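Coordinate-derived values only; no laboratory data. Given the structure is predicted, the values throughout are model-derived calculations rather than measurements. Neighbour counts run over all protein chains shown; Cβ positions are idealised from the backbone, glycine included.
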Amino acid sequence: MVVTCVGAVALLPWIAFLAASLPRSHSVTTWNVTWVGFDVVLAACFGVTGWLLLHRRRMAILGLGVTATLLSCDAWFDVSLGWGSSEQLWALVSAALFEVPIAVLMVAGVIRLLRRESAVVAQLRGRPGPRGSIWEQTFVMLAPEAADWSDGSGPS
């Protein structure tokens, strides 16, 4: 938790520095390696996530999240780097019709799987269902004794 909070705060001055110091144009000789490599990683994430889903593995939740993130990054870079060029229209169409909707579906899948898992855990603990929204639920690894039962919904 500390690393994530410090990281969020530490990035703010770095972002300001980059915004002020980066040159307006770049000449890159390894552009093809960058994009092909990114797409190889994206394809691998799709494949591994598909395998995990097919075999009903819990790690599919992580795969869905990572793949959705990479798709969102792909859309962002395609649109922002293609802006004002002959590739702008295709970048917008690709992002709007493919990358963003698939990423949204994957995030919805993560939320659906987390809700189902929470319902099963609640059932195993003898409760009728998960308490609160998915955003308020604690890690499933917490024993019932360690959970917050202050609202009276837990065991007596």
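The table for this structure:
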| item | result |
| --- | --- |
| Helix 31-54 axis, angle to the chain major axis (alpha carbon atoms, nearest 10°) | 20 degrees |
| Separation of alpha-carbon centers, the range 1-44 and the range 61-127, rounded to whole Å | 19 Å |
| FRET E, pair Ser85, Ile111, Förster distance 25 Å, beta-carbon r, rounded to 0.05 | 0.10 |
| Option label - Rg/Rh (Cα atoms, Kirkwood Rh) computed here, alternatives (1) 1.03; (2) 1.09; (3) 0.93 | (2) |
| Added length on full extension, which subtracts the Cα-Cα distance from 0.36 nm per residue, Ala96 to Thr138 | 11.7 nm |
| Which of Ile134, Ile61 has the fewest Cβ neighbours within 10 Å, and the rest in rising order | Ile134, Ile61 |
| Cα long-axis angle, helix 100-124 against the chain (0 to 90 degrees, to the nearest 10) | 10 degrees |
| Ranked packing of 79-91, 37-49, most packed first, by mean Cβ within 10 Å | 37-49, 79-91 |
